[in-house]
Amino acid sequence: MSASGRSATSQALAGAARPERSLLAINLVGLGTIAHKEVRRVLRIWVQTIIPPAITMTLYFIIFGSLIGRRIGEMDGVPYTTFIAPGLIMMAVIQNSFGNVVSSFFSSKLQQHLEEMLVAPLSVFTIVIGFVIGGVSRGLLVAALVTVVAMFFTDLRLEYPLVTFSVIVLVAMVFSLAGLLNAIFARNFDDISIIPTFVLAPLTYLGGVFFSISLLTPFWQNVALANPILYMVNAFRYGMLGASDIPLGIAFSIIVGAFLALFGLALVLLHRGTGIRS
Amino acid sequence: MDALVLEGLTKVYGNSVTALKGIDLTVAEGDFCALLGPNGAGKTTAIGIVTSLVNKTSGKVAVFGHDLDREREAAKACIGVVPQEVNLNMFEKCFNTLVNQAGYYGVPARLARRRAEKYLRLLHLWDKRDEISRKLSGGMKRRLMIARALVHEPRLLILDEPTAGVDIEIRRSIWDLMREINGSGVTIILTTHYLEEAEHLCRNIAIIDEGTIIENDSMTNVIRKLQREAFVLSLQERINEAPMLDGYTVRLRNDREIEVEVAKGQGLNRLFDELSARSLEVSSMRTKTNRLEELFMRLVENKQMTPQ
């Protein structure tokens, strides 16, 4: 360093102030920072995060809605395209909330820059919520886009806005947490593709997105009731269309229960340092 | 107040490797302390525990009086760390890397941006503020990590081998900067396996080897100790107290053995003359094993093998 550089160094360091901040203030600013960083990441790589799900859902609407749907006619008293719209929006939310957090947290872990947060005086609560905000933001952004696409194919209704909004936000939170848990345990890229491929995709497709469970035999109806995504799709469909295979109270209980269980588990694992500390 | 206190710190990894065997260490506020040891000695594990990146097996850690078990967040708020491995977000701009890090320590956004500018300028990276860190050279990445560790203005700065793998010019500039930072009142702990680095920068030194601290003293004393060697002399007659020999430090080991410290290069003939004059017959003599010296030899060999 040059002599002038050293002089500047001395002056700059001499002015260093170290005000004490409360842990609450630190965590509030920290939460804002993580959330801002995560949302910025979603927007920065919009070609990977926003556009592909919009294209996929457009294809679903064209194939299952316009082409095949015309031959199916009505389901649960509404045109088939209208029937599948809430399910497709919910499917986009599930996939994107999960995918956002699993890839963001895992790449932070892999590149080791997660350590930036781990050495800071942030509570694990703040870190979890920060990543969840990122996942929910992407889920809702994609949901908004899919809703716009859906409006080109069918007349969407909004029977119960509060139910619709609360379900979509809760489901986005649940799957953001699920993505976080997947990333905590993941050791390589294979580990972050196993759950979406072998668990999420089958449960989503069999979760009442494309059909009403009243079409199933009693035995398969009972099997379908073990699928938590069925409750989420139906609660959301109830909010939009006013029709559901499942009582709303049960659906809400299951969604809130899943949120609390996954949130608690994420806090415990991060506190212990599972998957992130040796 | 002590900046850092370690008491009986132990770490046993899952594969049963014991990295730390109950180390004790105290670093005073304002100190510039070296934690010196060969690769695999336990330096990074100790730093990892202090910075909450490694779970300890047992023992206590306190940072400026904040117990890491009971007041973890308060302890962490005092520390800035520069890790050994580059752990930057490769796709984040340099400016944002610093603003984010300040945010994680609760520095409000406007102040964080001012600090980011201040420390990027200080580390001569201001013209790289809009570059993503992946595009920086190795030396620039090191400087960015130092700026990142400083952006919340910590009271204790821990640098884990900050000059590993950087060229001599950058190493010298980092040394200058560290001296300036320490001069501003920040306590610094530096882990290194470069003797020259510790000798140039640090006032105190702790030498760690195989998970144990084998020396913890001022740099001056450690260098003085290294410039002496000790011999154990077995005597034919029993004695009750160590003889006073001019120019030599003598210690009684037992009633038939004395330990004599001799400055390197000092002859031994006069020693035997002095002993003969006191009618003390030496039956055998051996060099006392000096673990510190052995370690230094290993470190020096290591240094010679490391390309400069």
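Only one of these is over 25 Å from B:Ala164 (Cα atoms) and of a type in the set (D, E, K, R): B:Lys21, B:Lys43. Name it.
Being over 25 Å from B:Ala164 (Cα atoms) and of a type in the set (D, E, K, R) holds for just one of B:Lys21, B:Lys43, which is B:Lys21.
Consider B:Val12 carefully, then state whether it is touching a residue at least 40 places away in the same chain (Cβ under 8 Å) and within 20 Å of B:Ala149 (Cα to Cα).
no
Which one of A:Phe83, A:Phe131, A:Phe98, A:Phe106 is touching a residue at least 40 places away in the same chain (Cβ under 8 Å), touching a Lys or Arg at 6+ places or on another chain (Cβ under 9 Å), among the aromatic types (Phe, Trp, Tyr) and in a helix (DSSP H, G or I)?
A:Phe83
Only residues in region B:203-220 that are in contact (Cβ under 8 Å) with a residue 60 or more places away in the chain count as the first member; pair them with residues that are among the aromatic types (Phe, Trp, Tyr), Cβ under 8 angstrom, at least 6 apart or cross-chain, and list the lot.
Close Cβ pairs (under 8 Å, with a partner that is among the aromatic types (Phe, Trp, Tyr)) amount to B:Arg203/B:Phe32; B:Asn204/B:Phe32.
What is the number of the single condition among (1) closer than 27 Å to B:Ala28 by Cβ; (2) in a helix (DSSP H, G or I); (3) among the basic types (Lys, Arg) that B:Lys118 does not meet?
Against the list (1) closer than 27 Å to B:Ala28 by Cβ; (2) in a helix (DSSP H, G or I); (3) among the basic types (Lys, Arg), B:Lys118 comes up short only on (1).
Restricting to region B:77-111, count the residues that are over 20 Å from B:Lys141 (Cα atoms), more than 8 Å from chain A (Cβ to nearest Cβ) and in contact (Cβ under 8 Å) with a residue 12 or more places away in the chain.
Qualifying residue count for the region: 1.
Working only within region A:109-128, note down all residues that are touching a residue at least 40 places away in the same chain (Cβ under 8 Å) and either in contact with a Cys (Cβ under 6 Å, 6 or more places away or on another chain) or among the β-branched types (Val, Ile, Thr) (or both).
A:Val124, A:Thr126, A:Ile127, A:Val128
Can you name the residue in region B:154-163 that is within 12 Å of another protein chain (Cβ to nearest Cβ) and touching a Leu at 6+ places or on another chain (Cβ under 9 Å) and is also farthest from A:Ala25 (Cα to Cα) among such residues? Walk me through how you get there before you give the answer.
If we filter region B:154-163 for residues that are within 12 Å of another protein chain (Cβ to nearest Cβ), which is where we start, we get B:154-158, B:160.
Next cut, touching a Leu at 6+ places or on another chain (Cβ under 9 Å) only: B:156-158, B:160.
On the way: B:Leu156: 21, B:Leu157: 23, B:Ile158: 25, B:Asp160: 29 Å.
My answer is B:Asp160.
Where in region B:143-262 are the helices (runs of 4 or more DSSP H), entirely inside, with at least 1 residues that are open to solvent by 20 Å² or more (accessible area, probe 1.4 Å) and small (Gly, Ala, Ser)?
In region B:143-262, B:168-183 are the helices (runs of 4 or more DSSP H) which contain 1 or more residues that are open to solvent by 20 Å² or more (accessible area, probe 1.4 Å) and small (Gly, Ala, Ser).
Of the numbered conditions (1) under 16 Å from the mean Cα position of the chain (by Cα); (2) surrounded by 20 or more Cβ atoms within 10 Å (Cβ to Cβ), B:Asp24 fails exactly one; give the number of that condition.
Only one criterion in (1) under 16 Å from the mean Cα position of the chain (by Cα); (2) surrounded by 20 or more Cβ atoms within 10 Å (Cβ to Cβ) is unmet by B:Asp24, namely (2).
Among the residues of region B:50-70, is there at least one that is facing chain A (nearest Cβ under 10 Å), open to solvent by less than 10 Å² (accessible area, probe 1.4 Å), among the hydrophobic types (A, V, I, L, M, F, W, C) and closer than 21 Å to B:Thr212 by Cβ?
Yes; the residues of region B:50-70 include at least one that is facing chain A (nearest Cβ under 10 Å), open to solvent by less than 10 Å² (accessible area, probe 1.4 Å), among the hydrophobic types (A, V, I, L, M, F, W, C) and closer than 21 Å to B:Thr212 by Cβ.
Could you grab me the full set of residues in region A:34-45 that are touching a Leu at 6+ places or on another chain (Cβ under 9 Å) and free of Cβ contacts under 8 Å to residues at least 12 places away in the same chain?
A:Leu43
Scan region B:28-78 for residues that are among the aliphatic types (A, V, I, L, M) and touching a Cys at 6+ places or on another chain (Cβ under 6 Å) and report the count.
Going residue by residue through region B:28-78, those that are among the aliphatic types (A, V, I, L, M) are B:28, B:34-36, B:41, B:46-47, B:49-50, B:53-54, B:61-63, B:68, B:74-75, B:77.
When the remaining residues are screened for being touching a Cys at 6+ places or on another chain (Cβ under 6 Å), the result is B:34, B:63.
Number of matching residues: 2.
Any residue in region A:169-190 that is open to solvent by 20 Å² or more (accessible area, probe 1.4 Å) and closer than 23 Å to A:Tyr80 by Cα?
Among the residues of region A:169-190, not one is open to solvent by 20 Å² or more (accessible area, probe 1.4 Å) and closer than 23 Å to A:Tyr80 by Cα, which makes the answer no.
Only helices (runs of 4 or more DSSP H) wholly contained in region A:2-71 count here; list those with 1 or more residues that are at pLDDT 85 or above and open to solvent by less than 80 Å² (accessible area, probe 1.4 Å).
Details: elements: A:3-14, A:23-44, A:46-49, A:51-60.
In region A:2-71, the matching helices (runs of 4 or more DSSP H) lie at A:23-44, A:46-49, A:51-60.
Name the single residue that is farthest from B:His193 (Cα to Cα) among those in region B:121-135 being open to solvent by 10 Å² or more (accessible area, probe 1.4 Å) and part of a loop (DSSP other than H, G, I, E, B).
B:Asp130
Here is a list: A:Ser123, A:Ser103. Which entry is open to solvent by 10 Å² or more (accessible area, probe 1.4 Å), closer than 27 Å to B:Arg70 by Cα and of a type in the set (S, T, N, Q)?
Of A:Ser123, A:Ser103, the one residue that is open to solvent by 10 Å² or more (accessible area, probe 1.4 Å), closer than 27 Å to B:Arg70 by Cα and of a type in the set (S, T, N, Q) is A:Ser123.
Are there any pairs with C-beta distances below 9 angstrom linking a residue in region A:56-74 that is more than 22 Å from A:Ser214 (Cβ to Cβ) to a residue that is open to solvent by 60 Å² or more (accessible area, probe 1.4 Å) and not in a helix (DSSP H, G or I), with the two at least 6 apart or on different chains, and if so which?
That search, which allows pairs on different chains as well, returns A:Thr58/A:Phe152; A:Thr58/A:Phe153; A:Phe61/A:Phe152; A:Phe61/A:Phe153; A:Ile62/A:Phe153; A:Ser66/A:Phe153.
Which condition from (1) without any contact (Cβ under 8 Å) to a residue 40 or more places away in the chain; (2) within 25 Å of A:Met117 (Cβ to Cβ) is the one that B:Arg172 breaks?
(2)
The values are calculated or read from the model by the stated rules, or taken from the named source; none is laboratory data. Keep in mind it's a predicted model, so treat the numbers as computed, not measured. Because the Cβ atoms are built from the backbone with ideal geometry, glycine has one as well, and the counts that use them run over all protein chains shown. In case anyone asks, the SASA skips ligands and DNA or RNA and just uses the protein heavy atoms, side chains included. Shrake-Rupley method; radii C 1.70, N 1.55, O 1.52, S 1.80 Å.
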